[in-house]
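Accompanying notes for the structure given below.
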Amino acid sequence: MAKEGAQRAEETEQMIEKEGGKEGAEGSAAGSLRAGDAKEMRAVVLSAFGGLSKLRVSKKAMPEPQEGELKIRVKACGLNFIDLMVRQGNIDNPPKTPLVPGFECSGIVEALGDSVKGFEIGDRVMAFVNYNAWAEVVCTPIEFVYKIPDDMSFSEAAAFPMNFVTAYMMLFEVANLREGMSVLVHSAGGGVGQAVAQLCSTVPNVTVFGTASSFKHEAIKDSVTHLFDRNADYVQEVKRISTDGVDIVLDCLCGENTGKGLSLLKPLGTYILYGSSNMVTGETKSFFSFAKSWWQVEKVNPIKLYEENKVIAGFSLLNLLFKQNRGSLIKGVMDKLLNLYTNKKIKPVVDSLWALEEVKEAMQRIHDRGNIGKLILDVEKAPTPLVS
């Protein structure tokens, strides 16, 4: 193991030297430039809340690990719908700008902070980060870092944490999914939707109802039991197939879908809200969309829940990790998920890879709901040349 760790460390050092610039022929001027850049890195910076124009790639000071932290040379970053909402300032208590967005990444351990044990320089890892993930280097506490299986690529690893942990927590920790149950999931073609479908397939006789844009149906039809157009009257379609409704509703849309989801629940069923993408209509934050979405939410009457034996819940993975200090709980979930991956029960679905400089185009694809699976920012990818 020590020899293996030394080899990995040497490979990491060689990679860093390579990224620092070419040796020799470029002359002393290039050498002095590399020396000046040694403590800098590229990062996606959000200069202010608003549209796509507020994003740019620029140089920032490279972070160094504090006590209990790992420094990671980033290979790939996950792009999620919550990142779009962060860009718009469409979240509670957003941090001050300028900021570096992003909450998950994968890469290679480059340095260890004091008191860090269990990791070595050169380890391949994936991690949750409380912002700052969309950069060439990140530092994050050891409790949010997990080793990558040998056969998992960096792009798969960047697509893994947010989607699969969210799906697992909702299905098994909140809703207690068991054999023979039924699940309705919105945005079935997205990263979380595909993770939900795969995890449901690990439990016998689970029926999955999914909604998605019609152009995605051909690609994802085998991952769910019944698939409906997101703009159709899915309530009547579900009831036509299952007159009693479903056991679990997973709602990332909010608005009018909240009342519809509650109406579909069987007795002892669980409705879980884990997003509010219906609030995002334009490129920038819209008070009208925000208000309309919440006005459409059916007021939850506790007496009605009591009479109908229904459960309503909410789930936010980022709050659980970074505000409610449940990192140890998530580590246990990650262990289970990585075991499922190793046994080929689950596998991240990667939609496409984008250079850091293409982050605006990648965000637009999410905004248009064009992705099937996860969009990845590939730190080492060169931007695709424009075709004239």
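The values are calculated or read from the model by the stated rules, or taken from the named source; none is laboratory data. Because the structure is predicted, anything quoted here is derived from the model rather than measured. Positions of Cβ are generated from backbone atoms using ideal geometry, with glycine treated the same way; all protein chains shown enter the neighbour counts. Ligands, DNA and RNA are stripped out before the accessible areas are found, and what is left, the full protein with its side chains, is counted by its heavy atoms. Shrake-Rupley method; radii C 1.70, N 1.55, O 1.52, S 1.80 Å.
Summed over the stretch 114-130, the residues that are part of a loop (DSSP other than H, G, I, E, B) and open to solvent by less than 60 Å² (accessible area, probe 1.4 Å) give a count of 6.
Here is a yes/no grid of residues against (1) modelled with pLDDT under 95; (2) farther than 21 Å from residue 195 by Cα; (3) assigned by the TED database to the domain that holds residue 88; (4) open to solvent by less than 50 Å² (accessible area, probe 1.4 Å):
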site: 227; (1), (2), (3), (4): no, no, no, yes
site: 231; (1), (2), (3), (4): yes, yes, no, no
site: 247; (1), (2), (3), (4): no, no, no, yes
site: 261; (1), (2), (3), (4): yes, no, no, yes
site: 268; (1), (2), (3), (4): no, yes, no, no
site: 279; (1), (2), (3), (4): yes, yes, no, yes
site: 284; (1), (2), (3), (4): yes, yes, no, no
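Within the stretch 80-113, restricting attention to residues that are open to solvent by 10 Å² or more (accessible area, probe 1.4 Å), in a strand (DSSP E or B) and out of contact with any Gly (no Cβ under 7 Å at 6 or more places or on another chain), the residue that is nearest to residue 377 (Cα to Cα) is 99. So is residue 143 of a type in the set (Asp, Glu), more than 20 Å from residue 191 (Cβ to Cβ), within 18 Å of the chain's Cα centre (by Cα) and modelled with pLDDT of 95 or more or not? In short, yes. So, residue 111, is that one under 22 Å from residue 373 (Cα atoms) and of a type outside the set (Lys, Arg) or not? So residue 111 does not fit the description; no.
Flag not set for residue 133, criterion: aliphatic (A, V, I, L, M), out of contact with any Pro (no Cβ under 6 Å at 6 or more places or on another chain), in a helix (DSSP H, G or I) and open to solvent by less than 10 Å² (accessible area, probe 1.4 Å). Here residue 180 meets the list (1) small (Gly, Ala, Ser); (2) more than 20 Å from the chain's Cα centre (by Cα); (3) part of a loop (DSSP other than H, G, I, E, B); (4) not assigned by the TED database to the domain that holds residue 275 almost entirely, failing just condition (4). As a summary of the residue check, residue 210 satisfies the conditions (1) assigned to a strand (DSSP E or B); (2) of a type in the set (Gly, Ala, Ser); (3) within 24 Å of residue 338 (Cβ to Cβ) except for the one numbered (3).
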